[in-house]
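Only one structure is covered here, and it is reproduced in the block below.
The values are calculated or read from the model by the stated rules, or taken from the named source; none is laboratory data. Model, not experiment: these values are computed from the prediction. In this analysis, Cβ positions are derived from the backbone assuming ideal geometry, glycine residues included, and neighbour counts consider all displayed protein chains.
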């Protein structure tokens, strides 16, 4: 799948404010409106933004960056079957959709672990 890259230079505060005002009046779903406001926030802060299709294939480094792990750790996850991938020659490719699903799974696991720790701390009377 070919990558389509849209590079945006630094946007002026006035241009972003104008876009925000237009967006407030736009008749679109609240979910999409929220995502577009989040995008404007990133652009306003000068942060890099990439928009990729869910079916895009990522390199192991790109996938590792998205997950906030090292590339060698990601490769171990791939080889252990934690994340699906395919080989292109000697290289591994991971679908964006799978990386995002795995990231959500990791978030859920962290939340459950924190909830369990909180419950145990309360049972031990550490929150009094």
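Please work out if residue 19 is closer than 22 Å to residue 103 by Cβ, surrounded by 11 or more Cβ atoms within 10 Å (Cβ to Cβ) and either touching a helix residue (DSSP H, G or I) at 6+ places or on another chain (Cβ under 9 Å) or outside the structural domain of residue 109 (by TED's automatic domain parsing) (or both). Taking the combined requirement at face value, the residue does not satisfy it.
With respect to the stated conditions, residue 36 is surrounded by 11 or more Cβ atoms within 10 Å (Cβ to Cβ), within 18 Å of the chain's Cα centre (by Cα) and within 23 Å of residue 104 (Cβ to Cβ). Taking the range 66-110 as the range and being part of a helix (DSSP H, G or I) and over 17 Å from the mean Cα position of the chain (by Cα) as the test, the residues that pass are 72, 73, 75, 76, 77, 78, 79. When the range 40-72 is filtered for residues that are within 22 Å of residue 103 (Cα to Cα), at pLDDT below 90 and surrounded by 15 or more Cβ atoms within 10 Å (Cβ to Cβ), only 52 remains.
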